[in-house]
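First the structure, in the form of structure tokens, and then the observations on it.
Read the figures in this text as sums done on the coordinates, not as results from a lab. Since the structure is predicted, the reported quantities are computational estimates derived from the model, not experimental observations.
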Amino acid sequence: MQLKLTGYREWTETLGPKREHIIQQIQAELHKRAWAEYTSVEALPHQMRYDYLLVYANNVSLQALVEKVKSLQEISPVPVEHCVGRGATPLEAYENCDDARDTSSGPAVVGHLDIVNSTRQTERMGPYDVYVVVGDLLNKVNSICRGLGCLAFYLGGDNVMILLPDARAGYVLYDQIYIDVRLGVGIAEKPYVALAKATEALDSMRRDGIIGVRILK
């Protein structure tokens, strides 16, 4: 599912030049509401450019998804439109977002990736330099994903969430990344459960001192 805040740019332009503090607060509230509402039905949301949001929603009822659109509308300054896409991969579903009514699908596959020893790097290089490294990593992951059919989003810190077409894609992705990372991959019927499993797999690799890929079903 994609959400679009229709007329958002035009709304921002009515606020005058000293507007950014208003815009940032509204965006933060929308992001907070989206995560609270969609994870409550085991879907997985993320903003793309704040006036557009994507919701990974395998096997979550369309009725539940639409109810959450109504919740976002309560705090949005402009109308919220939505479409539902289907496809063989997350990227294909994103590209084919239209008026699909069936969200039943195969299992959701989600990756949770982080940089090895990023805390030590932050202490040595400073937080801004590591922030730039993470930005470069996100761009690299998304470039690889174009060929694999996945989508990647920044979660904060040194964490990247990846919506994968299958577990094999996680290994292909890992092999093309140029710095030491860990990639936990979770597989479940619904997306937020898959992310939780991916995080569990990632945490277990940290505890075991392992660098690589670990899958949890």
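The distance from the alpha carbon centre of the stretch 66-82 to that of the stretch 1-52 is 10 Å, rounded to a whole number.
Considering the convex hull of the alpha carbon atoms of the stretch 2-95, report its projected area averaged over all viewing directions, in nm², one decimal. Intermediate results must be reported in sequence, preceding the final value.
Numbers: hull surface 23.4 nm².
Its Cα hull, projected and averaged over all orientations, spans 5.9 nm².
From the phi of every residue in the stretch 57-62, what ³J(HN,Hα) in whole Hz does the Karplus formula 6.51 cos²θ - 1.76 cosθ + 1.60 yield, where θ is phi - 60° and glycine or proline is x? For the stretch 57-62, the Karplus curve yields 9, 3, 6, 9, 4, 4 Hz. Measuring spread by the Cα atoms of the chain yields a radius of gyration and Dmax of 17.8, 54 Å. In the stretch 108-216, the C-alpha radius of gyration followed by the widest Cα-Cα span (Dmax) gives 13.0, 41 angstrom. You can think of it this way: the chain between Gln24 and Asn139 has 39.1 nm of extra reach, that is 0.36 nm per residue less the Cα-Cα gap.
Near the amide H of Asn59, within less than 5 Å, lie the amide hydrogens of Ser104, Ser105, all on another chain or at least 5 residues away, with H placed in the peptide plane.
The phi torsions of the stretch 119-126, fed into the Karplus equation with coefficients 6.51, -1.76 and 1.60 and a -60° offset, translate into couplings of 4, 5, 5, 5, 5, 7, 9, x Hz, rounded to whole numbers, with Gly and Pro shown as x. By the helix-only formula, in which each DSSP H run with n ≥ 4 contributes -39500 (n - 2.57) and the sum is divided by residues, the chain has a 222 nm mean residue ellipticity of -14500 deg cm²/dmol.
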